[in-house]
Amino acid sequence: GQAVNRSKSFHGLAKIVMVVLGLSALLYNVVVSNTSFGNIHMDKISSSTSITTDSTQNQLSERRKLEEGYGQDGSDEGEEDAPIRILHTVTALRDINTGARGTKRGEDRLTDVFIPILKHAVESMVCPPYNYEVDVFLILGWKLVPERRKLIEDALPEGVGLQVWDDAIPLGYDKPDQDSKIKGVTRGLARQHRFVIKDKLDYYDLFTVFEDDMGVNGGHVHHFLEMTEELKRLKEEAPDIVPEGEPVSEQKQRYYGGLTKQQLSAMIPGFIRVEVLLDQDKWPSQKQLDPIPIDFEFDTEDGVTEHRNFDPVPCCHVPENLGKMPPSPKPDEIMIWETAIKGTVVRQMPKGGTGLLDWVMLQPGKKDNGSQYWMGGYWAGRDRAWGNEPRPGSGDPKLIAQQGGWMLTREQLIEIHNNHCDHGFFPPFESRDHGGDYNQDGLTLNNVEFWSGGYSIFSGTRAGCNMQ
């Protein structure tokens, strides 16, 4: 590709300095279209099981100080508060809908869904009050022609870097026991972001990875970072051992009390995916509810009882003409996706930090019951709400709350890869250490729900990382 030097660099696979784009016009034209990762540079991260040693971390810290305007002695010669750097990665299988899964055949998905959602996400991150520094990486299942690429470039705010890996569907044996020829394995497209994130880990503070129809905004990022910092404070204050231990049996699980540093290191903020019901006459919400009393009355600190509903503003109020989304859906028009009260537990967090967290909901996860990282919670079925029915497993596909993507900080990614994923979060995905869980470089069986939906991060099934 060709590159234009700018004071603000966007670090690519070959450390290419990328273009700065404008909303109304292309300021600089750069041709960087990677159809293959054959020449990918992995020199920033070791491909062994453990990544980022103290030595490389110190080198990285010094380099980042120089990039951010600090002197060799660490003195601040630039901005006092460097903006948080985000790499926003979006994966999309096709640009024209086929009619499958409720879509309209022939509909231009790129212009009607992909670009409006991407534009809204990035604008909400780079604009006040957040002012994050954002670059975009697109992983596409088709060949992006120049005129279609320009539509994307023109939609991005000024100062946002763009890099595209198109025609990115990996080749393999889709059904190894039947196929005699290799072909594109479409479910493996969701795997490709792991190569990108590993290559770019040194250059960003936060990584957001989502499917092309998932609405994410600066508020989500801010809230995630706020919760992450609070968990970090609690971990720093936590003891190494809790004397009373952590009972595993359902009837004896603690849903309050102290947590150890190890337990808190396995906790990260998560998301529950929601969708908006567009036509309740045709597609109504469920009528049969779980056998749990509904209570919308909340006691306030003033001693007054308040009626409260779910607030749809943070997740679901969007600008006009954002795909098919109504701009201001009401609480009863929001549907949670593939989870329910039956699949979650609640726990009261230990005192400490800033006091931001009290009672929290824990999503399904943690199959390594009894390990140093495992923690209990109160399940609604503990008092026989579902009779003698046992608590669902942590890998139940209807209850694991498929996120349609994830966001993690650099530090969280390193922690997860080194200490929580038995077989690693980053590639390579085939070695003796993987014990067969990553057959055919991760292409066999592992699908979009594994790579971006949450199974890889939150479950303990098939190479899951057991995060909570």
| said: Give me a comma-separated list of calculated 3J(HN,Hα) values for the range 102-114, in order, Karplus coefficients 6.51, -1.76, 1.60 applied at θ = phi - 60°, integers in Hz, x for any Gly or Pro. | reply: x, 8, 9, 4, x, 5, 7, 5, 4, 7, 8, 10, 4
| message | Below 12 angstrom from the Cβ of Tyr255, what's the summed charge of the other residues (Lys, Arg +1; Asp, Glu -1)? | response | +2
| Per-residue HN-Hα couplings for the range 344-355 [Karplus 6.51, -1.76, 1.60; θ = phi - 60°; Hz; x = Gly/Pro] | 10, 10, 10, 8, 8, 6, x, 5, x, x, 9, x
| Between Asp112 and Lys351, what is the label-to-label distance in nm when each label sits 7 Å out along the Cα-to-Cβ direction? | 5.7 nm
| query | Which whole-Hz couplings ³J(HN,Hα) result when phi for each residue of the range 448-461 is put into the Karplus expression 6.51 cos²θ - 1.76 cosθ + 1.60, θ = phi - 60°, listed in order with x for Gly and Pro? | reply | 4, 5, 6, 6, 10, x, x, 4, 4, 7, 9, 9, x, 8
| Leu443 accessible area, nearest 10 Å², 1.4 Å probe? | 10 Å²
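Any idea of the accessible area per residue across the range 211-342, 1.4 Å probe, to the nearest Å²? Mind dumping the intermediate values first?
On the way: 8360 Å² over 132 residues.
Counting only protein heavy atoms, the per-residue value for the range 211-342 is 63 Å².
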| task | Compute the convex hull volume of the Cα atoms of the range 217-284, divide it by the residue count, and report the result per residue in Å³ as a whole number. | result | 136 Å³
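Work out the FRET efficiency for Ile96 and Asp299 from their Cβ-Cβ distance, taking R0 = 41 Å, and round it to the nearest 0.05.
0.20
Carbon and sulfur atoms: what percent of the 1.4 Å accessible area of the range 321-427 do they account for?
51 percent
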| task | Apply the Debye scattering formula to the range 312-421, with a single equal point scatterer on each alpha-carbon and no solvent, then give log10 I(q)/I(0) at q = 0.18, 0.19, 0.20 Å⁻¹. | result | -1.22, -1.27, -1.30
| query | By per-residue mean of other Cβ atoms within 10 Å, what is the highest-first order of 305-317, 263-275, 289-301? | reply | 263-275, 305-317, 289-301
| remark: Within the under-9-Å Cβ sphere about Trp451, not counting Trp451, Lys/Arg +1 and Asp/Glu -1 give a net charge of +2
| query | By the scheme Lys and Arg +1, Asp and Glu -1, what is the net charge of all other residues having a beta-carbon under 9 Å from that of Gln280? | reply | -3
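Which value, in Å², gives the accessible area per residue of the range 105-197 when a 1.4 Å probe is used on the protein heavy atoms? Could the numbers behind the result be given before it?
On the way: 3860 Å² over 93 residues.
Spelled out: the 1.4 Å probe surface of the range 105-197, per residue, equals 41 Å².
For the range 231-322, what is the number of Lys pairs with C-alpha distance below 29 angstrom, counting only pairs 8 or more positions apart or on separate chains?
Numbers: Lys232/Lys252; Lys232/Lys261; Lys235/Lys252; Lys235/Lys261; Lys252/Lys261.
So the count works out to 5.
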| request: Mind listing the long-range amide H neighbours of Val164? Cut-off is under 5 Å, sequence gap 5 or more, other chains count too, H placed in the peptide plane at 1.01 Å from N. | output: Asn34, Leu138
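The values are calculated or read from the model by the stated rules, or taken from the named source; none is laboratory data. What you see is a predicted model; the values in this text were computed from it and never measured. So basically every Cβ, Gly included, is an ideal-geometry build from the backbone, and we count neighbours across all protein chains shown. Keep in mind that these areas ignore ligands, DNA and RNA; they rest on the heavy atoms of the full protein, side chains included. Shrake-Rupley method; radii C 1.70, N 1.55, O 1.52, S 1.80 Å.
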